[in-house]
Amino acid sequence: MIRAAELIERKRDGEELAGEELEALLLGYAAGDVPDYQMAAFCMAVVFRGLSTAETFALTDAMVQSGTTLDLRGALGRKAVDKHSTGGVGDKTSIAVAPLVAACGVPFAKMSGRGLAHTGGTLDKLESIPGFRVDLTREQFLGQVRELGVAIIGQTADLVPADKKLYALRDVTGTVDSVQLIAASIMSKKIAAGAEAIVLDVKVGSGAFMKTLDDARALAETMVALGRRAGREVVCLLTDMEQPLGRAVGNALEVREAITTLRGEGPPDFTELVLAASARLLALSDLGVDEAEGRARAEQAIADGSALEVYERWIRAQGGEPSDDALPQAPVVREVTARRDGYVQSLGAIRIGRAVLHLGAGRLATGDTIDHAVGVVCVRKPGDAVSVGEPLAEIQARDDEAAAGAAEEVRAAYQIGDRAPRPRPTVLDVVR
């Protein structure tokens, strides 16, 4: 019998739980024997008390054991790669990286999730594409990767079901911000999904779960250790989230920006992250190239149009219409303009994220319906000059009332001063 209340109390009091106890709790929750309210209490205890290295390993193992696993090497006959981000405002990187890596000849196989808190998940963005299916069977998923070299689908019901259930619970109980829970959640999915080489993008800053570089490094090191223990090659990029990534924030708007980037016309910060992640994935692949050569190949795939071609074939293969003209558009567009001359000193990612969430592009509760059309386009980014009356941002909303409410939040996100700020790199550090 699972002594859930006792385990909650012991973790609340800072005790270290045995691996078999964590396994019983997690698998019991997945089976429905432990109710949501007890698991939520346990997660809150973990947020305050943390997990030891041994506990984190045990929790991750239990999540993997809760379902089946994929053998991509056996199914594809070669090494497959995967990428994951901890989530940030405007982070649509996987949508551009997946076809770009595939265009360079490396299989990209990803099972993805939905949004947590103010971030939007990759699946939410992809579902803004008319007709796009995220619910492929395992056989369809593997067949598509074998044929096209790329597929992104939702986490299947039989792959890490304990994490899928826990992921939704954490989203609505204020227990997202735990290094150990984040690491176990991410790496259990990556390990079970079968890719041998993984690039992780750990966001750092006000718009991320990890607010400081030290916290992000701790998460990265934990995930690298979990991956190494499972025989995976893992590289973590620590990337800036003090400002939104790129200019577009909102599901369809972000897909449109990913397409623009594959055409070679994307925002500089987003383009840099796409190339950095792709270069490292290619260097980890079985192509036998280093990072510099990987970046050169990725740049060439964008320049010659092959990355965009693979994107279009990928979207069609999963039932979608790849043209950006087919993406939904919000009926109300409102500009937020500058009230003084100067330079954009900073652009608060969390404020933009909240504005987009309140427009309807995210979830306040697990069952909320997402409005794929709405969002914010940040016309000006830090370092840009602006004059009175010129646009800082463009709000795309369902109605005038929603646009007006978002306008105040967006305006508050912008800080304008007399001098241009020092440029901040997109990639802040790398953990191997």
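The values are calculated or read from the model by the stated rules, or taken from the named source; none is laboratory data. Here the structure is a predicted model, which is why all the values come from computation and not from measurement. Here the Cβ positions follow ideal geometry from the backbone for every residue, glycine too, while neighbour counts run over all protein chains shown.
The table below gives the values:
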{"quantity": "Filtered residue count, the stretch 400-430, keeping only those that are surrounded by 12 or more Cβ atoms within 10 Å (Cβ to Cβ), part of a loop (DSSP other than H, G, I, E, B) and not aliphatic (A, V, I, L, M)", "calculated": "3"}
{"quantity": "Failed item, numbered, when I8 is tested on (1) free of Cβ contacts under 8 Å to residues at least 12 places away in the same chain; (2) within 20 Å of V172 (Cα to Cα)", "calculated": "(1)"}
{"quantity": "Single residue of the stretch 350-380 satisfying the filter (surrounded by 18 or more Cβ atoms within 10 Å (Cβ to Cβ) and of a type in the set (D, E, K, R)) that is farthest from the chain's Cα centre (by Cα)", "calculated": "R380"}
{"quantity": "Qualifying residue in the stretch 139-156 (condition: under 19 Å from L26 (Cα atoms), small (G, A, S), outside the structural domain of A31 (by TED's automatic domain parsing) and not in a helix (DSSP H, G or I))", "calculated": "no"}
{"quantity": "Residue count, the stretch 364-399 (criterion: outside any strand (DSSP E or B) and touching a residue at least 24 places away in the same chain (Cβ under 8 Å))", "calculated": "19"}
{"quantity": "Residues being assigned to a helix (DSSP H, G or I) and of a type outside the set (K, R) - total across the stretch 194-240", "calculated": "14"}
{"quantity": "Breaking point among (1) in a helix (DSSP H, G or I); (2) touching an Asp or Glu at 6+ places or on another chain (Cβ under 7 Å); (3) within 29 Å of L284 (Cα to Cα), for Y167", "calculated": "(2)"}
{"quantity": "Residue list for the stretch 277-328, restricted to those being among the aliphatic types (A, V, I, L, M), over 22 Å from the mean Cα position of the chain (by Cα) and within 21 Å of L76 (Cβ to Cβ)", "calculated": "L287, V289, A301, A317"}
{"quantity": "Answer residue from the stretch 339-349, given it is touching a helix residue (DSSP H, G or I) at 6+ places or on another chain (Cβ under 9 Å) and not in a strand (DSSP E or B) and is surrounded by the most Cβ atoms within 10 Å (Cβ to Cβ) among those", "calculated": "A349"}
{"quantity": "Total residues in the stretch 68-93, condition farther than 21 Å from D177 by Cα, of a type in the set (S, T, Y) and buried (at least 23 other Cβ atoms within 10 Å of the Cβ)", "calculated": "1"}
{"quantity": "Matching option when the condition is assigned by TED's automatic domain parsing to the domain that holds R170 and in contact with a Pro (Cβ under 6 Å, 6 or more places away or on another chain), among G90, G131, G105, G77", "calculated": "G90"}
{"quantity": "Candidate set from the stretch 292-338 (those that are in contact with a strand residue (DSSP E or B) (Cβ under 8 Å, 6 or more places away or on another chain) and in a helix (DSSP H, G or I)); member that is nearest to G383 (Cα to Cα)", "calculated": "V310"}
{"quantity": "Filtered residue count, the stretch 4-52, keeping only those that are closer than 28 Å to A157 by Cβ, more than 25 Å from the chain's Cα centre (by Cα) and not in a helix (DSSP H, G or I)", "calculated": "5"}
{"quantity": "Failed criterion for L136 (all others in (1) crowded, with 24+ Cβ neighbours inside 10 Å; (2) modelled with pLDDT of 90 or more; (3) more than 24 Å from M39 (Cβ to Cβ) hold)", "calculated": "(1)"}
{"quantity": "Test: residue in the stretch 220-243 that is over 29 Å from V106 (Cα atoms) and within 14 Å of the chain's Cα centre (by Cα)", "calculated": "no"}
{"quantity": "Where I352 falls short, out of the listed (1) more than 17 Å from P391 (Cβ to Cβ); (2) not in a strand (DSSP E or B); (3) not aromatic (F, W, Y); (4) not assigned by TED's automatic domain parsing to the domain that holds L123", "calculated": "(1)"}
{"quantity": "G288 being assigned to a loop (DSSP other than H, G, I, E, B), surrounded by fewer than 24 Cβ atoms within 10 Å (Cβ to Cβ) and either of a type in the set (G, A, S) or touching a Lys or Arg at 6+ places or on another chain (Cβ under 7 Å) (or both)", "calculated": "yes"}
{"quantity": "Test result for V64, closer than 14 Å to K189 by Cα and modelled with pLDDT of 95 or more", "calculated": "yes"}
{"quantity": "Within the stretch 291-335, considering residues that are touching a residue at least 12 places away in the same chain (Cβ under 8 Å) and basic (K, R), the one surrounded by the most Cβ atoms within 10 Å (Cβ to Cβ)", "calculated": "R297"}
{"quantity": "Answer residue from the stretch 229-241, given it is touching a helix residue (DSSP H, G or I) at 6+ places or on another chain (Cβ under 6 Å) and surrounded by fewer than 20 Cβ atoms within 10 Å (Cβ to Cβ) and is farthest from R351 (Cα to Cα) among those", "calculated": "A230"}
